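The values are calculated or read from the model by the stated rules, or taken from the named source; none is laboratory data. Because the structure is a prediction, the values reported are computed rather than measured. For neighbour counting, all protein chains shown are included, and Cβ atoms are generated from backbone atoms with ideal geometry for every residue, glycine included.
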Amino acid sequence: MSTKELILQGAISLFNRQGTAKVSTNHIAEKAGISPGNLYYHYEDKQHIIREIYEQMIKSWESPYERAENRSMSIETLKRFIEENFELLWEYRFFYREMVVLLNADPALFKRHKELITQRFERQQDLLQQLEKDGIIHFPEPDVLPSDVLTVAWIVSNNYLVFLETMGQAVEYRDFEIGTELIFKVLRPYMV
């Protein structure tokens, strides 16, 4: 593993456990087993590290989309897509826990995130259309738009961790299996 990868993996681990505010670049350097000077050789500050983690997260998210897009859909394909998304939400949970604060603190990150979310929402709309085309899902009522159903599913998935934590629950990986089931409950009324 390269020094840059060690830094990013160490930062993700610390951020997930303690949150970004409590973690300094010195903590990250120590976790990576390098000197602070070596860390600054690769990343100018903690914000730069967070941006790099975000870019890594974006790349990781391509795999579930690539496996689901441009193919016939099934319930199993949909379930795997949702599970993979929750796995990534778990891997980068600090970001979803602190998203509003992180985005407000960094206009460049906010701009990048807004672009990405717009693209991902469109891609998920395309997946819903493919599900409808393949006879897996159907939206019979004219007042129920697929984009509305997708918005509800999006809100549930992206805010599930925060909801659990604000209820005082210590979140564990298995909680994300329940998250997958919640998304299916949102979609179930429209499944054929």
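Annotations for the structure displayed:
- In segment 93-192, counting only helices (runs of 4 or more DSSP H) that sit wholly within it, the ones holding 2 or more residues that are over 25 Å from residue 62 (Cβ atoms) span 99-105, 146-166, 175-187.
- Contact map, segment 171-191: first residue farther than 24 Å from residue 138 by Cβ, second residue not in a helix (DSSP H, G or I), Cβ cut-off under 9 Å, separation 6 or more or different chains; pairs are 175/169.
- Residues of segment 137-146 that are over 12 Å from residue 189 (Cβ atoms) and surrounded by 15 or more Cβ atoms within 10 Å (Cβ to Cβ): 146 alone.
Yes/no per residue for (1) among the β-branched types (Val, Ile, Thr); (2) in contact (Cβ under 8 Å) with a residue 40 or more places away in the chain:
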{"site": "58", "(1), (2)": "yes, yes"}
{"site": "69", "(1), (2)": "no, yes"}
{"site": "94", "(1), (2)": "no, yes"}
{"site": "109", "(1), (2)": "no, yes"}
{"site": "112", "(1), (2)": "no, yes"}
{"site": "127", "(1), (2)": "no, yes"}
{"site": "143", "(1), (2)": "no, no"}
{"site": "149", "(1), (2)": "yes, yes"}
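- If you go through segment 1-19 and pick out every residue that is farther than 11 Å from residue 31 by Cβ and of a type in the set (A, V, I, L, M, F, W, C), you end up with 1.
- Counted as qualifying within segment 1-81 are the helices (runs of 4 or more DSSP H) with 1 or more residues that are modelled with pLDDT of 95 or more, within 25 Å of residue 179 (Cα to Cα) and outside the structural domain of residue 92 (by TED's automatic domain parsing), namely 3-18.
- Subset of segment 150-184 that is farther than 15 Å from residue 82 by Cβ and either of a type in the set (Asp, Glu) or not assigned by TED's automatic domain parsing to the domain that holds residue 86 (or both) - its residue that is surrounded by the most Cβ atoms within 10 Å (Cβ to Cβ): 165
- Those residues of segment 77-88 which are surrounded by fewer than 20 Cβ atoms within 10 Å (Cβ to Cβ) and within 10 Å of the chain's Cα centre (by Cα), in sequence order: 84, 87, 88
- Members of segment 8-38 found to be surrounded by 12 or more Cβ atoms within 10 Å (Cβ to Cβ), of a type outside the set (D, E, K, R) and more than 20 Å from residue 105 (Cβ to Cβ), listed by number: 9, 10, 13, 29, 32, 34, 35, 36, 38
- Scanning segment 63-76 for residues that are surrounded by 13 or more Cβ atoms within 10 Å (Cβ to Cβ) and hydroxyl-bearing (Ser, Thr, Tyr) yields a total of 1.
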